[in-house]
Amino acid sequence: QTHAHTHTHTQTLYEILHYKVDPHSIFFISNVLVMPFYSLLLAAPEWKRTKALITNDLYLMPLLVLYIILLGQMICPIELGSAWLHHGGGAEVVTSTSNAVVSSTIASPLSFLKIWWDGLMWIMMKLGATMLHLSGFKDLLSSQMHMATIWIHFLLLDLYMARRLLLAAQRSTPKLPAKHTILLCWMFGPLGFLSHVLTSAIFKYRWSSRQNAATSS
């Protein structure tokens with residue numbers, strides 16, 4: 001009974017983590033999800049609802065869930081399920097994770113999660129090996145699943161940066177304009193950060209000059 005109970009829980013875990021998803025749909029949903037956030041940051045940055053949103057990291061959770069789903073599909077592919085079910089959830093299974101061979105006995109949730117860990121380590125090694133070679137990174141982007149995952153990675157970082165820069169602009173002395181910075185974060189990522197740095201330098205220089213002029217007069 002204990003083995004059957006463990007088997008049932010492991011099967012449920014597998015079905016949850018490996019529900020087949022369409023990268024095209026996830027790509028579309030992720031782009032739609034960020035639009036309301038950027039609309040609020042651009043159109044109503046001083047609204048109390050916007051301020052409540054940007055002071056709480058939970059606004060990133062929808063994108064983070066999509067990212068984890070796609071990352072799970074990359075680490076432990078759907079094909080693992082047929083072998084796992086065929087062997088009754090307790091036999092030696094060998095599966096290919098983007099050319100990486102992962103061998104594990106899927107008899108419990110812990111051993112199942114070990115496959116995830118092995119796959120994650122392989123991805124980290126793959127990324128480390130491609131960092132110095134553009135051709136290797138190009139190969140990594142040959143899969144639509146990989147491209148969608150990396151795209152959500154960028155969306156998460158850009159949205160987080162836009163939120164941080166808006167907070168910095170609102171708390172700055174003097175208060176800084178931020179709409180152009182938020183728009184650049186949305187469209188061009190790092191240029192938004194550059195925009196904030198330049199805006200801050202210009203406005204603080206002008207504010208300091210006025211303070212000095214007022215003091216001397």
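Projected label points at residue 51 and residue 69, each 7 Å from Cα along the beta carbon direction, are separated by 3.5 nanometres.
With an 8 Å cut-off on Cα pairs and a minimum separation of 6 or more residues, tell me the relative contact order of the range 160-213 in percent. List each step's numbers first, then the result.
Values: 47 pairs, mean separation 17.1, N = 54.
Contact order relative to length: 32 percent.
Overall, the accessible surface of the range 139-217 at a probe of 1.4 angstrom is composed of carbon and sulfur to the extent of 66 percent. Surface analysis of the range 157-217 yields an accessible area of 64 Å² per residue, using protein heavy atoms and a 1.4 Å probe.
Each peptide in 208-214, 166-172, 149-155, 57-63 receives the mean, over its residues, of other Cβ atoms within 10 Å, and ordering these scores from highest gives 149-155, 166-172, 57-63, 208-214.
The values are calculated or read from the model by the stated rules, or taken from the named source; none is laboratory data. Quick caveat, the model's predicted, so the values are computed rather than measured. Please note: Cβ atoms are built from the backbone with ideal geometry, for glycine as well, and neighbour counts cover all protein chains shown. Remember, those area values only see protein heavy atoms, side chains included, never the ligands or the DNA or RNA. Shrake-Rupley method; radii C 1.70, N 1.55, O 1.52, S 1.80 Å.
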